Each structure stands twice: as C-alpha cells, then as structure tokens.
Amino acid sequence: MKKLYTKILKKGIAIGALKEETKILVVAGGTNDATTLLQLGFKDVLITNLAPHANIVDYAPYRWEKADLNQLDFSDDSFDFVIVSAALHHLYSPHRGLGEMLRVAKNGIIVIESCDNFFSRIARKIGFVPDYEVDALLVDGKGGVENSNIPNFIYRWTRDEVIKTTNCFLPYTTNSFYFFHHYEFPIARLKRSKNLLIQFSVPILSIIIQLCKFLLPRQANEFGFLILKGKQLKPWLHGKIEKPELNLEYIRKRYYTRL
C-alpha cells in the first residue's frame with residue numbers, strides 16, 4: 001500500500017493541506033508509516049498502536065505511544081491530521097474508529113483500506129480473496145479483531161459510505177473528499193493458500209490486473225481517501241464551529257415554528 005500512501009500524501013501537499021510542519025497522529029501505525037512520512041519530510045509525527053507493531057517502539061525521529069483507536073486519549077482537534085493505513089478493518093466498528101479520527105483531527109484525515117466494488121465481490125465469491133483475515137494470524141497467532149487471535153472481518157468501503165459516515169460525525173459543516181484507487185496484486189496472500197486453483201491462476205491474474213489498471217481504475221482493490229473538515233457552519237447553524245448553535249433567524253424565515 002506504500003504507493004497509494006505516498007500518492008495521497010503528495011496530493012495533500014499539492015493542495016496545501018499538508019506541510020512539513022503539520023502535526024500528524026498515526027493510529028494503528030508501524031514501520032511503513034514512519035518510513036513513508038519521513039521520506040516526504042514530515043517532522044512532527046506521533047505513531048501510536050494498541051500494541052507495538054512487530055515489537056518496534058523506536059521510530060526516531062518520531063515518537064511512539066500506546067493508543068486505542070476505539071477511544072483515543074486525546075482531546076478534540078489535538079492534531080492537524082490523523083492517518084491510518086490498513087487497520088480500520090481490525091476494529092469491531094470501523095465507523096467508530098473513523099469517527100475518533102475525525103474528532104481528534106483539526107484539519108483532516110487520511111485513510112487507506114480495501115475497496116468494496118464489483119471486482120472485489122466476484123473475487124470473494126469465488127474464493128480468491130477472503131472475507132475474514134485468517135492469514136493475518138499465521139506468524140504469532142495475533143493480529144485479528146482488536147489484535148486478538150480471532151480473525152477479523154475485512155470491512156471494505158465505498159465512496160458513498162465514506163461520505164455518509166463522515167457527514168454523520170460532522171453534521172455541522174460541509175466537508176471535502178478526495179478519493180484514490182490503486183491496484184496492488186496480493187501475491188503474498190495468494191501464495192499462502194493451499195488451493196491449487198489459486199496457485200495456478202496467479203500468473204493469469206497478474207496480467208489481467210495490469211490491463212484493469214488502465215481500463216477500470218475504480219475497480220482496484222486498494223482504496224484511500226483524504227477528508228478535509230469544513231471550516232464553515234451549515235446555514236442553519238451559527239456561533240463557533242467548536243460549539244455551534246441553531247440559527248433561529250434562518251429557521252423562522254423558512255419554517256412555521258414556535259421557536
């Protein structure tokens with residue numbers, strides 16, 4: 001997912017949402033996050049996880065802390081940006097994790113996950129990709145739901161779900177969305193399978209995916225999105241964005257009301 005990760009960060013830089021001095025929180029993070037952010041010159045980064053990823057806690061020059069994405073121990077708007085890569089699907093509620101990211105982020109968030117599209121549904125139907133991430137536990141018996149030994153369901157997102165979920169958590173502003181799609185052939189996952197049909201199909205599938213990159217870009221298996229939190233209140237609200245109130249003047253002009 002590193003190519004997609006870098007692409008999204010570069011887009012954030014290009015539109016002025018991200019700068020070298022941007023204060024960034026990485027949730028459920030690890031080495032891939034650290035190396036990618038460092039290569040692009042980001043200086044103020046805190047990497048967190050429920051448990052040390054691969055027993056690594058030294059990400060110098062970045063800091064590491066333990067943190068639970070279900071309930072982050074940070075106040076609202078503590079960081080400029082919050083980032084997660086391939087981890088929301090390990091939660092009992094990916095939507096709750098997304099909401100926590102939006103709460104803690106002042107300006108926006110970046111998420112990289114799997115995409116729910118026509119190709120992914122077909123691939124799951126015929127058994128080429130799993131619905132449950134059993135193979136995540138093959139090394140040490142952990143890495144399932146909430147980092148347990150229970151394989152997690154792989155929640156795959158659509159663009160509409162991202163927008164609806166965000167607007168539920170941020171109903172008082174008009175937010176901006178940038179979507180990204182990337183094909184990454186899951187050769188390591190396929191090779192772990194003992195299914196001979198899957199093993200023999202790998203070369204053919206790799207050729208098909210190369211064609212799909214150009215013909216059907218939105219059917220890619222990797223999906224990322226950058227969300228920028230709106231800075232203006234909806235017209236039916238007024239006051240400070242941190243504590244909005246109902247705009248009675250707006251309501252009285254448009255509705256019969258006793259307010």
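The values are calculated or read from the model by the stated rules, or taken from the named source; none is laboratory data. Fair warning: this is a prediction, and the values are worked out from it, not measured in the lab. A quick note on method: Cβ atoms are made from the backbone with ideal geometry, for glycine too, and the neighbour counts reach across all protein chains shown. The area values use the complete protein model at the heavy-atom level, side chains included, leaving out ligands, DNA and RNA. Shrake-Rupley method; radii C 1.70, N 1.55, O 1.52, S 1.80 Å.
List pairs: first in segment 61-76 and farther than 22 Å from N32 by Cα and modelled with pLDDT of 95 or more, second of a type outside the set (A, V, I, L, M) and assigned to a loop (DSSP other than H, G, I, E, B), Cβ under 7 Å, 6+ apart or cross-chain?
Pairs that qualify, where the first residue is farther than 22 Å from N32 by Cα and modelled with pLDDT of 95 or more and the partner is of a type outside the set (A, V, I, L, M) and assigned to a loop (DSSP other than H, G, I, E, B): there are none.
In this structure, does T173 turn out to be surrounded by 14 or more Cβ atoms within 10 Å (Cβ to Cβ) and touching a residue at least 40 places away in the same chain (Cβ under 8 Å)?
In short, yes.
Looking only at segment 41-59, how many residues end up being modelled with pLDDT of 95 or more and in a loop (DSSP other than H, G, I, E, B)?
So the count comes out to 4.
Among residues belonging to segment 77-87 that are touching a residue at least 60 places away in the same chain (Cβ under 8 Å) and either of a type outside the set (D, E, K, R) or in contact with a Phe, Trp or Tyr (Cβ under 9 Å, 6 or more places away or on another chain) (or both), point out the one that is surrounded by the most Cβ atoms within 10 Å (Cβ to Cβ).
F81
If I ask for residues that are open to solvent by 30 Å² or more (accessible area, probe 1.4 Å) and within 14 Å of I112 (Cα to Cα), which ones from segment 141-155 would you list?
Residue satisfying the conditions is Y155 alone.
For segment 120-132, enumerate the residues that are open to solvent by less than 50 Å² (accessible area, probe 1.4 Å) and assigned to a helix (DSSP H, G or I).
S120, A123
Conditions tested, residue by residue: (1) open to solvent by less than 60 Å² (accessible area, probe 1.4 Å); (2) of a type outside the set (D, E, K, R); (3) in contact with a Phe, Trp or Tyr (Cβ under 8 Å, 6 or more places away or on another chain).
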residue	(1), (2), (3)
I8	yes, yes, yes
A14	no, yes, no
A17	yes, yes, yes
E21	no, no, no
V27	yes, yes, no
T35	yes, yes, no
I47	yes, yes, yes
P52	yes, yes, yes
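So F74 fits all but one of (1) assigned to a loop (DSSP other than H, G, I, E, B); (2) of a type in the set (A, V, I, L, M, F, W, C); (3) closer than 22 Å to L4 by Cβ; what number is the exception?
All conditions pass for F74, except number (3).
Name the residues in segment 88-119 that are aliphatic (A, V, I, L, M) and either open to solvent by less than 10 Å² (accessible area, probe 1.4 Å) or assigned to a strand (DSSP E or B) (or both), would you? It would help to see each step written out before you state the result.
Here is the first cut: in segment 88-119, the residues aliphatic (A, V, I, L, M) are 88, 91, 98, 101-102, 104-105, 109-112.
Result: L88, L98, M101, L102, V104, A105, I109, I110, V111, I112.
Restricting to segment 92-149, name every residue that is over 23 Å from P217 (Cβ atoms) and of a type in the set (G, A, S).
Correct list: S93, G97, G99, A105, G108, G127, A136, G141, G143, G144, S148.
Considering only strands (runs of 3 or more DSSP E) fully contained in segment 209-259, which possess at least 2 residues that are open to solvent by less than 50 Å² (accessible area, probe 1.4 Å)?
Per the criteria, 222-228.
Spot the failing condition for E21; the list is (1) under 22 Å from K229 (Cα atoms); (2) under 14 Å from the mean Cα position of the chain (by Cα), and only one is missed.
Answer for E21: the failing condition is (2).
Return the residues of segment 176-201 that are in a helix (DSSP H, G or I) and either modelled with pLDDT of 95 or more or surrounded by fewer than 15 Cβ atoms within 10 Å (Cβ to Cβ) (or both); say none if nothing qualifies. Don't jump to the end; show me each part of the working.
Start the filter on segment 176-201 by keeping residues that are in a helix (DSSP H, G or I), which leaves 187-192, 196-201.
Once the filter is applied, which keeps residues that are in a helix (DSSP H, G or I) and either modelled with pLDDT of 95 or more or surrounded by fewer than 15 Cβ atoms within 10 Å (Cβ to Cβ) (or both), segment 176-201 yields I187, A188, K191, R192, L196, L197, Q199, F200.
Pairs only if they're at least six apart or on different chains, beta carbon under 9 angstrom, first in segment 230-243 and more than 18 Å from K106 (Cα to Cα), second open to solvent by 70 Å² or more (accessible area, probe 1.4 Å) and not in a loop (DSSP other than H, G, I, E, B); list them, first residue then second.
W236/L246; W236/R254; L237/E245; L237/L246; H238/E245; H238/L246; H238/E249
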